[in-house]
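The values are calculated or read from the model by the stated rules, or taken from the named source; none is laboratory data. Computed from a predicted structure; not experimentally measured. All Cβ positions, glycine included, derive from the backbone under ideal geometry; neighbour counts span all protein chains shown. Only protein heavy atoms, including side chains, enter the accessible area calculation; ligands, DNA and RNA are left aside. Shrake-Rupley method; radii C 1.70, N 1.55, O 1.52, S 1.80 Å.
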Amino acid sequence: MQLANAAAVTGVGDTDYTRDAGGRSVLSLQLEAALKAISDAGIQPRDIDGIVMPSPSSPVVAEELVTNLGIPDLRFSTGTPLGGAGPVAALQCAAAAIAAGICSHVLLTLGRTGRTGQRIGARIQQMPQFRLVGEFEAPSGALAPAQYYAPMARRHMEMFGTTSRQLAEIAVTTRQHAILNGNARMTTPLSIEDHQASRMIADPLRLYDCSLESDGAAAVVVSAADRARDLRRPRVLLAGMAEGHPDSPSAITQRGDMTRLGLAKAAPRAFAMAGVTPADIDVAEIYDCFTYIVLCQIEDLGFCGKGEGGAFVEGGALGLQGRLPVNTHGGLLSQAHIAGMNHVVELVRQLRGEAGRAQVPDAEVGLVTGYGDLGDGTLAIMTRG
Amino acid sequence: MPGKPMPDPSPETRPYWDGLAEGRLMLQRCAECGRIRHYPQPMCPSCHSMAADWVEASGEATVHSWTVAHHPFHAAFRAELPYVLVTADLPEGVRLLAQLRDATAEALRPGRKLRIGFEANEAGLTLPVLRLAGA
Ligand SMILES: [Zn+2]
């Protein structure tokens, strides 16, 4: 059994991304995205025989998808509880189930009503993976992801001279891509000066270093590679996948090197599986809950050395004409925070040549990352094929 | 207004909180191999012994990193904004996260020497705090 190229993404779908979905339930948003993805794949809901739920905190369970979509024979159902690393972990999980012969068409959906529901920062204390920070750090006033991650960014700045203006480059380029996308929450241009003038949230992270709580849903269908050849759309193969967990996964405070994420362990495995190197990547959708997390992942992926990410992102390097086009849909920073499922959707569109005004010409090899739960990292390398 | 988050100690973590209440930072130590670990947990990751005792930290610390909280993520901390959260290296080989007292973030550099202190909050919970050493 081999995982590389055993499965392909055959369908993608998403809802409008908004600040407030007008009271629609997360289930209804996920069903809309799921139906679009199934239709995009050119199959029927009854053909779905596997479901991987990428987010354990989602109020939607697989049984509700089965009931609404009328799925007659679900053979595989599981979840990937890795926070924002969940969607890409779910790709690997789906591909593994397919490679093992358990199922043929696996549905992944993720939706949220981040603003209309509970705020992410308020929810986090109740999650078991945050038990240690909840007991030992929250009483002192460390209460939200921005406050957990800011010391990582500060350490990077102190060790390597990384600057807030370099983080701004990431926010500015991502905003440019969102404006081209047509389905993004943020549609007005952003300058480095705008970023520098934005209020401080958790130093060194400013408002425009932070992603957007959003309403919406996205879905993908993963199919057996041999079945995918006959479907509607160009086939996008899952060529290499891996997940990695950081040292001290439950407490960044206790992590020996807090500038190294789980992705640093995953990246060599995924590149080796796909048989490509960072130099082969035409487009990268990199999980961007905060600008600094993008910079750190660029290093951990091997696009540059540790500490060189600040210089790497300067001068529009992450733009469509730059050396590494990143987050061509606008990311969590400027499209919507759909926990990175929107990154998976965008990579597939890029590799099919369906990315509209933000299309990277002749994109053939791309990657998508996930990041969550204080440092878990996931990576999928996809190829047009 | 909801109050500040309070710990819900387990049998493994209670000695830490009891120590703070007495103005002492207690660290868990493996009774088999002597490795000090923080935050408290049932098993030593080196030798897998579940036997542990507790030792008092020296009180010394150095700056590893920090953040300054500006946004009110929790209403009970709003009046304290901005406050500095320091991640400090302890000579015992573990780290401590605590608020900085009597200084601003401008004084901080990695390796800057600190002293551990103690302070009860309005709910009566004693927490560690950090001050510049020699200040
Ligand atoms: Zn031991």
Shielding score for B:125-134, defined as the mean number of other chain Cβ atoms within 10 Å
1
Under the helix-only model (-39500 (n - 2.57) for each DSSP H run of 4 or more, divided by the residues of chain A), the mean residue ellipticity at 222 nm, to 500 deg cm²/dmol, is -10000 deg cm²/dmol
Sort B:Trp66, B:Trp54 from largest to smallest accessible area, using a 1.4 Å probe on the heavy atoms of the protein chains.
B:Trp54, B:Trp66
How much accessible area per residue does chain A have, in Å², with a 1.4 Å probe?
33
Using a Gaussian network model on chain A with a 10 Å cutoff between Cα atoms, which of A:Ser25, A:Ser140, A:Ser198 fluctuates the most?
A:Ser140
Starting from a Cα-only point model with no solvent, please compute log10 I(q)/I(0) by Debye for chain A at q = 0.07, 0.13 1/Å.
-0.27, -0.99
Ranked from the most accessible area to the least, with a 1.4 Å probe and all protein chains present, what is the order of A:Met53, B:Met43?
B:Met43, A:Met53
Can you pull the accessible area of A:Phe136 for me, 1.4 Å probe, Å² to the nearest 10?
10
Alpha-carbon Debye profile of segment B:14-132, log10 I(q)/I(0) at 0.20, 0.23 Å⁻¹
-1.11, -1.28
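Could you check how many percent of all C-alpha pairs in segment A:219-340 are farther apart than 27 Å? Write down the numbers at each step before the final one.
Details: 1770 of 7381 pairs.
Percentage above 27 Å: 24.
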What's the buried accessible area, both sides, between B and A using a 1.4 Å probe, rounded to 100 Å²?
2900
Let me check against my output: what whole-number percent is the relative contact order of chain A, with C-alpha pairs under 8 Å and at least 6 apart?
26
For A:Lys306, what accessible area in Å² do you get when you roll a 1.4 Å probe over the heavy atoms of the protein chains, rounding to the nearest 10?
80
Among A:Leu82, A:Leu110, A:Leu143, determine the one that fluctuates most according to a GNM of chain A built with springs between C-alpha atoms less than 10 Å apart.
A:Leu143
For chain A, modelled as a Gaussian network with Cα springs under 10 Å, which listed residue fluctuates most, A:Thr277, A:Thr188, A:Thr369?
A:Thr188
Within the accessible area of segment B:14-132, what % is carbon and sulfur when the probe is 1.4 Å and the other protein chains stay in place?
48
Quick query: amide H of B:Phe118 versus all other amide H atoms, modeled in the peptide plane; which residues come in under 5 Å with a sequence gap of 5 or more or a different chain?
B:Val129
If amide hydrogens are placed 1.01 Å from N in the peptide plane, which non-local residues have theirs closer than 5 Å to the one on A:Ala7?
A:Ala225, A:Leu238
Using a 1.4 Å probe over the heavy atoms of the protein chains, calculate the carbon and sulfur portion of the accessible area of chain A as a whole percent.
48
Run down the lysines and flag those whose C-alpha is under 28 Å from the C-alpha of A:Lys306, throwing out any fewer than 8 positions away in its chain.
A:Lys265, B:Lys113
If I measure Cβ to Cβ between cysteines in the protein assembly as shown, which ones have no partner under 4.7 Å?
A:Cys93, A:Cys103, A:Cys210, A:Cys289, A:Cys296, A:Cys304
Using only the heavy atoms of the protein chains and a 1.4 Å probe, how would B:Glu119, B:Glu60 rank by accessible area, largest first?
B:Glu60, B:Glu119
